[in-house]
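Report on one structure; see the data block that follows.
We did not get these values from a lab; they are worked out from the coordinates using the rules stated. Just so it is clear, the structure is predicted and the values come from calculations on it, not from any experiment. Cβ: placed from backbone, ideal geometry, glycine included. Neighbour counts: every protein chain shown.
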Amino acid sequence: MTSHKKETTGLIVALAMMSLGGWLLHYRVHPIVPDAAGIRVAENFVPFAVGLVSVLLTPALLWFRRTLIVGYVLNGVTAVLGAVLMTYYSVTIVRHPVTLAGLIAGTILADVLIAFAKLFVGQRVLLAYHPSGMGRMFTAGWWARHVVYISGMFVLGHFLWR
């Protein structure tokens, strides 16, 4: 086993376990259980499929040097989109009065934190293969900008098309 494999094995396993934990938490909220019209299956299939990709495909892509970048970007995109979408939908259905306990226990804060933690673990895997980084791309600032851009898109869309 090469030194990169030794360094990244634990990180990739941790990423897979975080993805599985997040997917299972998410499945409790959005199970694939058909209702009379079959609507729940359709609306919950996308989160189910993306979770499955995060659990199975992303770690497999990160395992090999040739597919590392694809796995890294897939991990980052699913983490950022998942965090932004979950936060957006959680904020749009906030119950009043807003309390700290309600925000911690009544929202999907745990899922969002898991999604963002996946970014940091993915970054460590990338740096194990490319210790000097990838230039200006794939840094924490790069991902933070994408969180801001995607969040802005959803906020703008919310106010323009509701």
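Some points to look at:
- C-alpha long axis of helix 68-92 to longest principal axis of the chain, angle in °: 20 degrees
- Student exercise, the range 3-160 dipole from Lys, Arg, Asp, Glu Cβ charges, in Debye to nearest 20: 480 debye
- For the range 5-13, 3J(HN,Hα) per residue [Karplus equation, 6.51 cos²θ - 1.76 cosθ + 1.60, θ = phi - 60°, Hz, x = Gly/Pro]: 5, 5, 5, 8, 4, x, 5, 5, 5
- Inter-label distance for T9 and L52, nm, one decimal - labels placed 7 Å from Cα along Cα-to-Cβ: 2.9 nm
- Converting phi to 3J(HN,Hα) with the Karplus coefficients 6.51, -1.76 and 1.60 and the offset θ = phi - 60°, the range 106-115 yields x, 10, 9, 4, 4, 5, 5, 5, 5, 4 Hz in sequence order, with x at every glycine or proline.
- Added length on full extension, which subtracts the Cα-Cα distance from 0.36 nm per residue, T139 to V70: 23.3 nm
- Each residue of the range 134-148 is assigned a 3J(HN,Hα), and the resulting list reads 10, x, 7, 7, 6, 9, 4, x, 4, 5, 4, 4, 5, 4, 5 Hz, derived from the Karplus form 6.51 cos²θ - 1.76 cosθ + 1.60 (θ = phi - 60°), x at Gly and Pro.
- Residues E43, E7, ranked from the fewest to the most other C-beta atoms within 10 Å, line up as E43, E7.
- Listed values (1) 123, 49, 22; (2) 52, 34, 31; (3) 54, 41, 31, entry calculated as Cα extents along the principal axes in Å: (2)
- If you take all other residues with their beta carbon under 13 Å from the beta carbon of W143, and give Lys and Arg +1 and Asp and Glu -1, the sum is +3.
- Positive minus negative residues near L15 (Lys, Arg vs Asp, Glu; Cβ under 14 Å): +1
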